[in-house]
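Take a look at the structure below.
The values are calculated or read from the model by the stated rules, or taken from the named source; none is laboratory data. In this text, all values refer to a predicted model and were calculated from it rather than measured experimentally. Backbone-built Cβ (ideal geometry, glycine too); neighbour counts: all protein chains shown. Heads up: the accessible areas ignore ligands, DNA and RNA and are worked out on the full protein's heavy atoms, side chains in. Shrake-Rupley method; radii C 1.70, N 1.55, O 1.52, S 1.80 Å.
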Amino acid sequence: QEIEKYKKSIFDQDGVLEYFGSEAPAAIAGFDRLKKWVLDRKGAFFSESAEPPPPKGLLLLGVQGCGKSLAAKVIAGELGIPLYRLDLNRLYSKYIGETEENLRKALKTVERLAPVCLWIDEIEKILASSAGDSDGGVSKRVLGTMLTWMQERKDRSFIAATSNDIDNLPPELLRKGRFDEIFFADLPD
């Protein structure tokens, strides 16, 4: 517990990654297919010679308030790995080139810490503006860096991304190889 507390204090003050630690698996209503999907692939995630290859991550899509963020925390618990959240508020900087450098540093940290679950909450907020040139191309470079990393990485990190609006996501983000699966989370009935 002391080490967990120390890690949290370091990450909270130092960068764009926020440390959440690892929690015990929890019950979450309405996500039975998601939990089954994660549990079916858990063995491949920790095996060196897994067939099929270990999962890279998934996208949780749905309306606000339906439990997507909670589901990301449950995924980390089910896999038994620590959860880190990419803090979008700390990623962007007013200085030229610093935003891209912040992202590269965060992704390198994730690779070094693997196996971890990287939670990217409301991913459309970071990647949606990549179509415009209003920010001098920063968003396009961030998107390019993120897409390349998601496609080419070989580490044991797992991405749990959430989105409220699929219309604002670039289509290249949704192709296979970046996310293994997309789950829709609806309001409870």
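Helices (runs of 4 or more DSSP H) fully within the stretch 70-189 that include at least 3 residues being of a type in the set (A, V, I, L, M), touching a residue at least 24 places away in the same chain (Cβ under 8 Å) and closer than 24 Å to residue 41 by Cβ: 98-113, 138-152. For residue 159, are the conditions met, namely being modelled with pLDDT of 80 or more and open to solvent by less than 50 Å² (accessible area, probe 1.4 Å)? Yes.
Residues of the stretch 162-181 that are within 14 Å of residue 124 (Cβ to Cβ), open to solvent by 10 Å² or more (accessible area, probe 1.4 Å) and either out of contact with any helix residue (DSSP H, G or I) (no Cβ under 7 Å at 6 or more places or on another chain) or polar (S, T, N, Q) (or both): 164, 166, 167, 168, 171, 174. Among the numbered conditions (1) assigned to a helix (DSSP H, G or I); (2) open to solvent by less than 80 Å² (accessible area, probe 1.4 Å), the only one that residue 60 does not meet is (1).
Being within 13 Å of the chain's Cα centre (by Cα) and modelled with pLDDT of 75 or more is true for just one of 40, 32, 87. Which residue is that? It would help to see each step written out before you state the result.
On the way: 40 fails: within 13 Å of the chain's Cα centre (by Cα); 32 fails: within 13 Å of the chain's Cα centre (by Cα).
From the options 40, 32, 87, the qualifying one is 87.
Against the conditions (1) over 19 Å from residue 142 (Cα atoms); (2) touching a Ser or Thr at 6+ places or on another chain (Cβ under 6 Å), residue 62 satisfies every one except (2). Filter the stretch 24-40 down to residues that are over 17 Å from residue 66 (Cβ atoms) and of a type in the set (A, V, I, L, M, F, W, C) and give me whichever is least open to solvent (accessible area, probe 1.4 Å). By that ranking, first place goes to 38.
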